[in-house]
1. Identify, from the list Gly63, Gly67, Gly36, Gly55, the residue that is of a type in the set (Gly, Ala, Ser), modelled with pLDDT under 90 and at positive phi.
2. Check whether at least one residue in region 76-97 is over 21 Å from the mean Cα position of the chain (by Cα) and either among the aromatic types (Phe, Trp, Tyr) or not assigned by TED's automatic domain parsing to the domain that holds Glu364 (or both), and report yes or no.
3. Looking at Leu294, is it in contact with a His (Cβ under 6 Å, 6 or more places away or on another chain), assigned by TED's automatic domain parsing to the domain that holds Ala213, surrounded by 18 or more Cβ atoms within 10 Å (Cβ to Cβ) and not charged (D, E, K, R)?
4. Residue pairs, Cβ under 7 Å, 6 or more apart or interchain, first in region 59-85 and closer than 20 Å to Phe151 by Cβ, second hydrophobic (A, V, I, L, M, F, W, C) and in a loop (DSSP other than H, G, I, E, B). List them.
5. Kindly indicate which of Tyr50, Tyr59 is in the same structural domain as Leu152 (by TED's automatic domain parsing), surrounded by 20 or more Cβ atoms within 10 Å (Cβ to Cβ) and among the aromatic types (Phe, Trp, Tyr).
6. Given the conditions (1) farther than 29 Å from Lys134 by Cα; (2) surrounded by fewer than 21 Cβ atoms within 10 Å (Cβ to Cβ); (3) touching a His at 6+ places or on another chain (Cβ under 8 Å), report the number of the one that Gly311 does not fulfil.
7. Which strands (runs of 3 or more DSSP E) sit wholly inside region 214-310 and have at least 3 residues that are farther than 24 Å from Ile192 by Cβ and either out of contact with any strand residue (DSSP E or B) (no Cβ under 8 Å at 6 or more places or on another chain) or modelled with pLDDT of 90 or more (or both)?
8. Return yes or no: is Lys130 over 22 Å from Phe369 (Cβ atoms) and either modelled with pLDDT of 95 or more or out of contact with any Gly (no Cβ under 9 Å at 6 or more places or on another chain) (or both)?
Amino acid sequence: MKICFWGEIAGALDGNPLGGGEKQIALLAKALVKAGHEVIYVDYTVQNDYSTKEGIKVYGIRGYEKGIKGLRNLTSRLRLIYKSLKDKKADIYYCRIRDFRHILAYWAARAVKAKFVFGTAADLDLLGFKERLKYLYLTDVRNLWWFTNGFLSEIVYPFLLRKSDLVLVQHEGQKEILSGKNIKSQVFPNLIEFTDEVVINCSDTTDYVYVGALDKRKGFDILFNLIKRTPDQSYKIIGEPRDKTAFYLYDKLKSFSNVKLLGKLPHSDTYKQIASSKALISTSPREGFPNIFLEAWSVGIPVLSLYVDPGNVIKKMNLGIVANGNMEIIIKFMEGPGVTREFCERAKEYVEKNHLLNERKVKEISNLFVNLIG
């Protein structure tokens with residue numbers, strides 16, 4: 001069976017993903033290769049075709065850089081992406097991450113009589129336009145292409161959710177949202193790989209860690225207020241500012257004696273920083289199922305989330321706290337004794353059972369795709 005992925009995604013195969021979605025695509029691709037399937041990537045940023053050590057075939061798109069700048073994104077490049085995808089003649093085409101060009105993969109799948117799988121990312125992709133307007137479009141304006149992609153995605157996404165042969169969601173909450181729209185879906189939990197480089201640390205540590213994009217959309221301004229209110233606590237911040245608000249607040253934090261600004265780190269170093277922390281802080285108002293939550297639990301660290309609880313798993317499995325927007329709950333937890341060894345073992349067990357990319361999970365993934373083909 002041949003499965004095709006596409007996008008600016010090849011970097012994740014070498015451990016340098018643009019974001020969490022690209023990382024999850026890479027883990028899924030590796031699982032399918034381990035199961036004996038042929039996996040191909042179509043990435044328009046790749047200059048020369050190659051195969052990874054796992055056996056994933058990565059293809060660029062010839063002629064992608066040609067054309068008139070400013071116009072080619074909506075003219076020649078769309079044609080080239082479609083042709084490249086269609087020429088691969090895969091059995092299954094898989095898409096994830098918010099991009100209106102997924103319609104090209106859908107059309108390619110239909111042209112070669114293949115199946116189309118649509119994986120959801122953030123909850124915002126499934127909620128109403130007002131939610132996206134408030135938490136995405138009005139907080140993260142970047143450039144003309146970002147605006148164009150957002151506008152066209154509002155048309156494409158509802159269509160793909162209803163026309164896909166299989167919709168994969170990250171947690172039960174997303175499944176319920178789609179069920180309310182009469183759209184069938186299947187829960188497909190995010191994946192994680194353990195590394196030998198990180199040692200689980202269940203001892204008392206003093207730092208709280210924040211990891212991710214530093215911008216208003218992710219609640220960096222809220223984190224700043226939390227830090228101001230808790231001068232007796234120490235923090236590590238991993239990431240770089242991305243908007244005017246974040247640049248301003250980041251500069252102010254440089255004078256805070258209880259804050260370490262670590263900038264953007266390689267993934268292995270980030271993992272080590274999480275493992276040596278007291279808890280992971282999340283102030284983002286909307287997410288899907290953050291990879292960083294899994295990484296925290298995998299090293300025995302609780303998640304202190306101001307808003308997000310994917311599928312209510314934090315509450316159900318007692319993997320930290322969810323404050324429902326009440327910062328006082330976060331602050332009260334910080335005044336407590338910290339993490340117990342029992343929590344560390346329970347968190348690690350949860351990840352191993354539900355998210356770890358092991359032989360059992362590889363078999364589950366393979367069966368899911370094979371059954372789709374029939």
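1. Working: Gly63 fails: modelled with pLDDT under 90; Gly36 fails: modelled with pLDDT under 90; Gly55 fails: modelled with pLDDT under 90.
So the residue among Gly63, Gly67, Gly36, Gly55 that is of a type in the set (Gly, Ala, Ser), modelled with pLDDT under 90 and at positive phi is Gly67.
2. The initial filter retains those residues of region 76-97 that are over 21 Å from the mean Cα position of the chain (by Cα), namely 76-92.
Imposing the further condition that a residue be either among the aromatic types (Phe, Trp, Tyr) or not assigned by TED's automatic domain parsing to the domain that holds Glu364 (or both) reduces the set to 82.
Yes, because at least one residue in region 76-97 is over 21 Å from the mean Cα position of the chain (by Cα) and either among the aromatic types (Phe, Trp, Tyr) or not assigned by TED's automatic domain parsing to the domain that holds Glu364 (or both).
3. Details: in contact with a His (Cβ under 6 Å, 6 or more places away or on another chain): yes; assigned by TED's automatic domain parsing to the domain that holds Ala213: yes; surrounded by 18 or more Cβ atoms within 10 Å (Cβ to Cβ): yes; not charged (D, E, K, R): yes.
Yes: the conditions hold for Leu294.
4. From region 59-85, the pairs are Ile81/Ile61.
5. On the way: Tyr50 fails: surrounded by 20 or more Cβ atoms within 10 Å (Cβ to Cβ).
Criteria check complete, one pass: Tyr59.
6. (1)
7. Values: elements: 234-238, 259-263, 279-282, 303-305.
In region 214-310, the matching strands (runs of 3 or more DSSP E) lie at 259-263.
8. Working: over 22 Å from Phe369 (Cβ atoms): yes; either modelled with pLDDT of 95 or more or out of contact with any Gly (no Cβ under 9 Å at 6 or more places or on another chain) (or both): yes.
Yes, satisfied.
The values are calculated or read from the model by the stated rules, or taken from the named source; none is laboratory data. Nothing here was measured: the structure is a model prediction, and the numbers come from that model. Reconstructed Cβ throughout: ideal geometry from the backbone, glycine too, with neighbour counts over all protein chains shown.
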